[in-house]
Amino acid sequence: MSVTAFTDHTPQSAPQGARRIMEATTRQLGFLPAAMARLAGSPELLEAFHRMSALFETTSLEPLARETVILTVAVRNECHVCVAMHTRKLQALGADEELTRALRAQSPLPDERLEAVRVFTCEVLDRSGGVGEERLNAFLAQGHTSQQALEVVLGIGVYTLSTLANKLTGAPVDPGLVPFA
């Protein structure tokens with residue numbers, strides 16, 4: 001299917017079920033991301049992403065750990081929109097440039113605790129959830145909990161949904177995110 005099959009909706013042209021989220025996002029960010037304009041073609045997908053990402057933000061994982069999960073998924077799935085958006089978010093969180101570079105390069109992270117999150121995320125993805133006891137124990141040994149192991153799975157689910165949909169629709173990187181692409 002050609003990416004031209006996906007409409008760049010506005011809150012006025014979008015299906016009714018997508019408008020509330022689009023308007024709220026525009027108020028929050030000051031603009032409507034191009035990815036959201038295309039995802040609005042399925043109000044159900046947009047609603048699922050909106051709710052799931054909000055839930056992921058409430059998990060017990062610290063913000064940098066959440067962004068480690070997100071950027072690990074985004075880089076692996078080659079979602080340039082997500083990589084740019086979450087590179088910007090890491091910068092806003094005050095993340096060290098070395099951490100951001102390593103995440104984008106899929107290299108070991110300078111922070112052992114975050115590296116455990118990255119490795120665990122990769123292991124969950126590589127083994128379709130069938131993580132061995134040794135890898136789980138390595139994650140737990142860095143002070144993470146079994147609850148947080150499950151929260152990593154939530155993050156993987158949310159951002160797999162997002163990255164695959166963004167790639168399918170050919171969502172472009174927004175002009176304000178180009179410096180982070």
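The values are calculated or read from the model by the stated rules, or taken from the named source; none is laboratory data. Note that the coordinates shown come from a computational prediction; the quantities given were computed from them, not determined experimentally. Glycine also receives a Cβ, built like all others from the backbone with ideal geometry; neighbour counts cover every protein chain displayed. Surface accessibility is based on the protein's heavy atoms, side chains included, excluding ligands, DNA and RNA. Shrake-Rupley method; radii C 1.70, N 1.55, O 1.52, S 1.80 Å.
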### Message
Which pairs turn up if I take residues in the range 91-116 that are on the phi > 0 side of the Ramachandran plot and look for partners that are surrounded by 14 or more Cβ atoms within 10 Å (Cβ to Cβ) and assigned to a helix (DSSP H, G or I) with beta carbon separation below 8 Å, at least 6 apart in sequence or on another chain?
### Response
Gln106/Thr72; Gln106/Val75; Gln106/Arg76
### Task
May I ask you to say which residue of Thr72, Thr10, Thr25 is β-branched (Val, Ile, Thr) and either part of a loop (DSSP other than H, G, I, E, B) or open to solvent by 60 Å² or more (accessible area, probe 1.4 Å) (or both)?
Thr10
### Query
Do the conditions hold for Leu90, that is, is it aliphatic (A, V, I, L, M) and either surrounded by fewer than 17 Cβ atoms within 10 Å (Cβ to Cβ) or under 10 Å from the mean Cα position of the chain (by Cα) (or both)?
no
### Summary
Matching residues in the range 43-69 (free of Cβ contacts under 8 Å to residues at least 40 places away in the same chain and in a loop (DSSP other than H, G, I, E, B)) number 2
### Message
I'd like to verify a number: residues in the range 100-120 that are among the small types (Gly, Ala, Ser) and either closer than 18 Å to Val131 by Cα or buried (at least 18 other Cβ atoms within 10 Å of the Cβ) (or both), how many?
### Response
2
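Within the range 135-149, count every residue that is under 14 Å from Cys122 (Cβ atoms) and either of a type in the set (Asp, Glu) or open to solvent by 70 Å² or more (accessible area, probe 1.4 Å) (or both).
1
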